[in-house]
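Below is one structure, written out as structure tokens, with a few remarks after it.
The values are calculated or read from the model by the stated rules, or taken from the named source; none is laboratory data. None of these values were measured; they are calculated from a predicted model. Methodologically, a virtual Cβ is constructed for each residue, glycine included, from the backbone with ideal geometry; neighbour enumeration extends over all protein chains shown. When the accessible area is computed, the model is the full protein with side chains, heavy atoms only, and any ligands, DNA or RNA have been set aside. Shrake-Rupley method; radii C 1.70, N 1.55, O 1.52, S 1.80 Å.
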Amino acid sequence: MDGFAGMRKVASRCSMAEEDDDLDLARLLDKPKVNIERQRSFDERSHSELSINIRAIDGFESMYSPGGMRSGLNTPAWSAKNSFETHPAIAEAWEALRRSVVYFRGQRVGTIAAFDHASEEVLNYDQVFVRDFVPSALAFLMNGEPEIVKNFLLKTLLLQGWEKKVDRFQLGAGVMPASFKVLHDPHREVDTIVADFGESAIGRVAPVDSGFWWIILLRAYTKSTGDLSLAETPECQKGMRLILTLCLSEGFDTFPTLLCADGCSMIDRRMGVYGYPIEIQALFFMALRCALIMLKHDAEGKECVELIVKRLHALSYHMRSYFWIDFQQLNDIYRFKTEEYSHTAVNKFNVIPNSIPEWVFDFMPNRGGYFVGNVSPARMDFRWFALGNCVAILSSLATPEQSMAIMDLIEARWEELIGEMPMKITYPALEGHEWMIVTGYDPKNTRWSYHNGGSWPVLLWLLTAACIKTGRPQIARRAIELAESRLLKDAWPEYYDGTLGRFIGKQARKFQTWSIAGYLVAKMMLEDPSHLGMISLEEDKAMKPLIKRSTSWTR
Ligand code: GLC
């Protein structure tokens, strides 16, 4: 858990900035409200209506719609009444989710990370985290309540405009906050906001995932409501460009993947995920594709669009070729020669076969595969990471074959990855000496706990979405049943511990909002799979023919 010390120090500066921000917010919110009852979905609108975006949509935005259903079209308010199976947890979850809503000057702008009164230590769980709000936002969108999502998108966009500094060093303009907190002053009757861009976080790392989630959420909002006007505002267009400019600039990179510090995403402590972590690469890919759909091809957007197209091609090639592992590929790496030079090298990153950890040989099923955690010079992190692999399926970074293989792996390794509580954030846990070296003796990330092999209920929504997309809802059903039998009874813990995820996590918060929202989203998606369109992108045929390794890769 990253801290938020020093928050008060910046409060006054921020509250002044807030006054101006609020005018902007009011202006932006002044746009005519969208009647979602009457709105047609993004897909349904005629090509002429979408003329600005149509080039980008072509080949990108044909939605997967099982049974011909469409997302966002008169999305019904979701109630226990039309549920495929009512469960007492559903009503309780909605109540708990609503309790976590945060207001700013009378408007709903987000949800706090955890509403855990029993816990003596609040740390920063009383804030609205960008990544944590995503499942809340999806739940509200699926329930026909888009206003809170729109307010959140605009609020965080204004925060992006703040000056961001760690000590004397200024962060890039596009950085989105990890979290923000609304301070209520009962005497002056004013609300002010303070935000954290990493300057208060443990390790002082900026959240690379926040900006990507922001873009992904903007598209989910657009897709769900059919309201194109928000994404088309100059403010949102600029916000997207700023986020992506941080990632698309040229430099010393020889890989199209994004180089990151440890702790820059959901796993926000040192866990050996520095380098090119799968979670960030998958989110980056998805955000690029979402932005491509929404960015205007005008004078300002054109260059960005061109850079995105180029990057997407290189990124998908790199990820599909070098991050992908299955039985065959593992066997190839196992037989790699080392010290190869020049263009004919098969072992391009000089991975030393002896560095392959023993567990992978047992873990790898005959059928199935996954994207490994990280690939960089002489280093392959073979650990499984759930979020990155699910987002790879949803964004179609994974080819249809790879998506199927990931689901095969989950089925084949059910006990390891799902156990008694879906699902493991990463597998396996780091233990002993390796834990000491890689985590720096982190007492919160001991083996099979928290980020180090803990089980996180929030991942249920991503798993469910991936299951629906690959046409394997029965896997999601099984996982949801497992979660359902515990979550309400255990008061919605943040995470579970143990090789099977049987124990409520050592330091887990109760009433963790994304555990609650994740469950609701999973239930709603399974009941009405057309919701999937909000958070899923069809395969882009133009990116297709590159999966097969170059001939130099064959044995
Ligand atoms: C922890 C998690 C992080 C989450 C935050 C708030 O720090 O690691 O992913 O955003 O708690 O719930």
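Quick notes on this structure:
- Just one of the numbered conditions (1) within 19 Å of SER224 (Cα to Cα); (2) free of Cβ contacts under 8 Å to residues at least 40 places away in the same chain is not true of HIS184: (1).
- Taking the criterion of being assigned to a helix (DSSP H, G or I) and either within 16 Å of the ligand (Cβ to nearest atom) or open to solvent by less than 30 Å² (accessible area, probe 1.4 Å) (or both), the residues of region 470-497 that qualify are ILE475, ALA476, ALA479, ILE480, ALA483, GLU484.
- Test: LEU218 is open to solvent by less than 10 Å² (accessible area, probe 1.4 Å) and within 15 Å of the chain's Cα centre (by Cα): yes
- When residues of region 449-460 are limited to those that are in a loop (DSSP other than H, G, I, E, B) and out of contact with any Pro (no Cβ under 9 Å at 6 or more places or on another chain), the one farthest from the ligand (Cβ to nearest atom): GLY454
- Residue, most open to solvent (accessible area, probe 1.4 Å), within region 119-164, restricted to residues that are more than 29 Å from ASP528 (Cβ to Cβ) and among the hydroxyl-bearing types (Ser, Thr, Tyr): SER119
- Being surrounded by fewer than 19 Cβ atoms within 10 Å (Cβ to Cβ), touching a residue at least 60 places away in the same chain (Cβ under 8 Å) and either of a type in the set (D, E, K, R) or closer than 21 Å to LYS155 by Cβ (or both) is not true of LEU242.
- Test: residue in region 141-163 that is modelled with pLDDT of 95 or more, away from the ligand (no atom under 16 Å from the Cβ) and small (Gly, Ala, Ser): yes
- Helices (runs of 4 or more DSSP H) (entirely within region 88-201) containing at least 3 residues that are under 21 Å from the mean Cα position of the chain (by Cα): 130-142, 147-160
- Evaluation of ASP253 against (1) charged (D, E, K, R); (2) away from the ligand (no atom under 16 Å from the Cβ); (3) in contact (Cβ under 8 Å) with a residue 24 or more places away in the chain (one fails), failing number: (3)
- Only one entry of GLU199, GLU232 meets the criterion of being out of contact with any His (no Cβ under 8 Å at 6 or more places or on another chain), among the acidic types (Asp, Glu) and farther than 21 Å from ASP262 by Cα, and that entry is GLU232.
- Selection from region 370-395 of residues that are polar (S, T, N, Q), over 16 Å from ASP209 (Cβ atoms) and crowded, with 24+ Cβ neighbours inside 10 Å: none
- GLY198 vs. criteria touching a Lys or Arg at 6+ places or on another chain (Cβ under 7 Å), over 20 Å from LEU307 (Cβ atoms), open to solvent by 30 Å² or more (accessible area, probe 1.4 Å) and within 15 Å of the ligand (Cβ to nearest atom): no
- Qualifying residue in region 204-215 (condition: over 30 Å from TYR317 (Cβ atoms), assigned to a loop (DSSP other than H, G, I, E, B) and at pLDDT below 95): yes
Residues checked against (1) open to solvent by 10 Å² or more (accessible area, probe 1.4 Å); (2) within 16 Å of the ligand (Cβ to nearest atom):
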site	(1), (2)
ILE278	no, yes
PHE284	no, no
ARG289	no, no
ILE293	no, no
ALA299	yes, no
TRP324	yes, no
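- Every condition in (1) without any contact (Cβ under 8 Å) to a residue 24 or more places away in the chain; (2) among the hydrophobic types (A, V, I, L, M, F, W, C); (3) within 16 Å of the ligand (Cβ to nearest atom) holds for ALA91 except the one numbered (3).
Per-residue answers, yes or no, for (1) of a type in the set (D, E, K, R); (2) surrounded by 22 or more Cβ atoms within 10 Å (Cβ to Cβ); (3) in contact (Cβ under 8 Å) with a residue 60 or more places away in the chain; (4) touching a strand residue (DSSP E or B) at 6+ places or on another chain (Cβ under 6 Å):
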{"residue": "ILE193", "(1), (2), (3), (4)": "no, yes, yes, yes"}
{"residue": "ALA206", "(1), (2), (3), (4)": "no, yes, no, no"}
{"residue": "THR233", "(1), (2), (3), (4)": "no, no, yes, no"}
{"residue": "ARG270", "(1), (2), (3), (4)": "yes, no, yes, no"}
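- Only listed residue being within 16 Å of the ligand (Cβ to nearest atom), over 18 Å from the mean Cα position of the chain (by Cα) and at pLDDT 95 or above, chosen from ARG311, ARG320, ARG241, ARG270: ARG270
- Qualifying position, being open to solvent by 30 Å² or more (accessible area, probe 1.4 Å), modelled with pLDDT of 95 or more and at negative phi, among SER229, SER265: SER229
Each row is one residue, and each column tells you yes or no for (1) assigned to a loop (DSSP other than H, G, I, E, B); (2) surrounded by 19 or more Cβ atoms within 10 Å (Cβ to Cβ); (3) under 16 Å from the mean Cα position of the chain (by Cα).
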| residue | (1), (2), (3) |
| --- | --- |
| ASP408 | no, yes, no |
| GLU416 | no, yes, no |
| GLU420 | yes, no, no |
| MET436 | no, no, no |
| ARG447 | yes, no, no |
| LEU462 | no, yes, yes |
